[in-house]
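The values are calculated or read from the model by the stated rules, or taken from the named source; none is laboratory data. No experiment lies behind these values; they were computed from the predicted model shown. Cβ coordinates were reconstructed from backbone atoms using ideal geometry, including for glycine residues, and neighbour counts include every protein chain displayed. Protein only, heavy atoms only, side chains kept; ligands, DNA and RNA dropped before computing areas. Shrake-Rupley method; radii C 1.70, N 1.55, O 1.52, S 1.80 Å.
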Amino acid sequence: MEETQILYRIFSRLAVALGVLNGLTLKEAKKLVRQQIKDHPFEKEIKVLINAVDKDEHENIEQLLDKTILVCEELGSNRNYITLETILEQIAATISNGHNQEEYKYTNSIVERFKKEITLINKKIPLPPLFNMFMETRSLLEWSSIYCFYPFIPKRIKGNGKPVLLIPPYLGDDFSTSFVRKYLQSLGFTTYKWELGFNMVKAHYIPRLEEKLHDIYQQHQEKVSIVGWSGGGIFAKIIANRHPDQVEQILTIGSPIWGVMDMKTPVYGLLEFFRGKSLKERNERFLAELEPIPNVPVTCIYTKTDGLVPWKHCVEAATSRKNIKNIEVFGSHSGMGANVSVLLVTANMLSANIQGKKIRDVGSNIERFLYPNFWNKARKAFKTKKPIVQVIK
């Protein structure tokens, strides 16, 4: 929340100034901005910052815009900036609704300049560190050790026959998702393979996946959850964007689900070799469908030690809605299909979203120790000298 406060303190001033610039009183502008954050997970904290704006600064809106962009640059690339873009767009749209758009050219230019600068900032996500790439070799250990760990994985969740479609990673087939499927089946979920051979992440898979989704939907007469690992998550998001009426939720595992056109990855050259031509040239329309956030619950599982995909591309804008969750795990990219913590999160989140429950943490028992979130809270508790148990509650 610290970084959020730094950013939203200056952004709140910019957003209020945008309202006042167009004829609203300070009180009216603050009310309008508050309305745009009603689904924000930090709504209460941000309202305090908005209420703290006590003067008209519309004459300094250029400086406020520059300062907000500077803070974003200093904080670094972040998918959550899309929430800021949306807030400014909605303020501009509300103010100009029913009026001649020519009168609001300057207002719209402020919004467009902000979006342009954010796009440039988010293009600066670097390659995974060389150490992470080297550590991908541990996936061999992860895949071999899962046979020992699997019998001891807790099975508390009840799947109740709910349908789940699993999509494998790039260059993977249905064997890649075998442990995830096996675990979900043991909990009572009804799982479905993708059955399209090796996933080469090509657009021509989409019509067949749409047909499969429709068949499962018709068979169960209820919405289908989709789980995609790596390149499989790309398809999960696109299908959810196209068919939100048939998709219960999507869960991505180490999947690059935004900014893929500019993503830097050590396997980029390999991708182009297999495809025969530039990814940008061939898949521009296909990958453009990744940018919108589907109107279904979204869970993104990622690891900051990913050696193949920059982890920032694997998280969604959790500040845009309350049913979007990013969960960090320990592990390699290549080993996520055989990662105990991934299996647990997948089952927990599938069940929680289907039942409409809110999960504050990943698991409530001994498996909490498997997740970076637990240790981050433990470190904060140590620094503030609070008991760990109290912080986790």
- For helix 372-384, report the angle its Cα long axis makes with the longest principal axis of the Cα atoms of the chain; keep it between 0 and 90° and round to the nearest 10°. 50
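With a 1.4 Å probe and every protein chain left in place, work out the accessible area per residue of the chain in Å², rounded to a whole number. Intermediate results must be reported in sequence, preceding the final value.
Working: 19220 Å² over 393 residues.
Per-residue accessible area for the chain comes out at 49 Å².
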- Message: If I fit a long axis through the Cα atoms of helix 231-242 and take the longest principal axis of the Cα atoms of the chain, what angle between them do I get, 0 to 90°, rounded to 10?
- Response: 60
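Please identify every one of the GluC sites (Glu not before Pro) in segment 14-69 that sits in a loop by DSSP and has no more than 15 other beta carbons within 10 Å of its own beta carbon.
Working: sites: 28, 43, 45, 57, 59, 62; in loops: 57.
Loop-located and lightly packed - none at all.
Starting from the alpha-carbon convex hull of the chain, give the projected area averaged over all orientations, in nm².
Numbers: hull surface 84.9 nm².
Value for the chain: 21.2 nm².
About its Cα centre, how strong a charge dipole does the chain have in debye, to the nearest 20, once Lys and Arg get +1 and Asp and Glu get -1 at the Cβ? Walk me through the numbers on the way to the answer.
On the way: 54 positive and 42 negative charges, 300 e Å.
Charge dipole of the chain: 1440 debye, to the nearest 20.
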- Query: What part of the accessible area of the chain, given as a whole %, is carbon or sulfur when the probe is 1.4 angstrom?
  - Reply: 55
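Percent relative contact order of the chain, based on C-alpha pairs within less than 8 angstrom and at least six residues apart? Let's see the in-between values first.
Values: 624 pairs, mean separation 63.8, N = 393.
It comes to 16 percent, rounded to a whole number.
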- Query: What chymotrypsin sites (Phe, Trp or Tyr not before Pro) does segment 36-123 have in DSSP loop regions with at most 12 other beta carbons within 10 Å?
  - Reply: none
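Could you give the dipole magnitude of segment 117-182 about its Cα centre, charging the beta-carbon of Lys and Arg +1 and that of Asp and Glu -1, in debye to the nearest 20?
Details: 9 positive and 5 negative charges, 88 e Å.
About 420 debye.
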- Task: Give me the angle, in degrees from 0 to 90, between the Cα long axis of helix 2-21 and the longest principal axis of the Cα atoms of the chain, rounded to the nearest 10.
- Result: 40
- Task: Putting +1 on Lys and Arg Cβ atoms and -1 on Asp and Glu Cβ atoms, find which of 347, 333, 293 reaches farthest to the positive end of the dipole of segment 289-361.
- Result: 347
- segment 166-225: C-alpha gyration tensor shape, a/c 1.5 cut-off, then a/b vs b/c: oblate
- Could you tell me which chymotrypsin sites (Phe, Trp or Tyr not before Pro) in segment 187-246 are loop residues by DSSP with no more than 16 other beta carbons within 10 angstrom of their beta carbon? 198
- Task: Just add up the charged neighbours of residue 220: K/R +1, D/E -1, any other residue whose Cβ is under 12 Å from the Cβ of residue 220.
- Result: -1
- Query: When the chain is treated as a GNM, springs tying every alpha-carbon pair under 10 Å, which of 102, 89, 328 comes out with the largest mean-square fluctuation?
  - Reply: 102
- Which of the aspartates and glutamates could a cross-linker bridge to residue 31, judged by Cα under 17 Å and excluding same-chain residues fewer than eight apart? 39, 43, 45, 54, 56, 57, 89
- Rg(Cα)/(2.2 N^0.38 Å) for segment 16-90, N = residue count: 1.10
- Task: Return the sequence-ordered ³J(HN,Hα) values of segment 284-289 in whole Hz as given by the Karplus equation 6.51 cos²θ - 1.76 cosθ + 1.60 applied to θ = phi - 60°, using x for Gly and Pro.
- Result: 4, 5, 4, 6, 4, 6
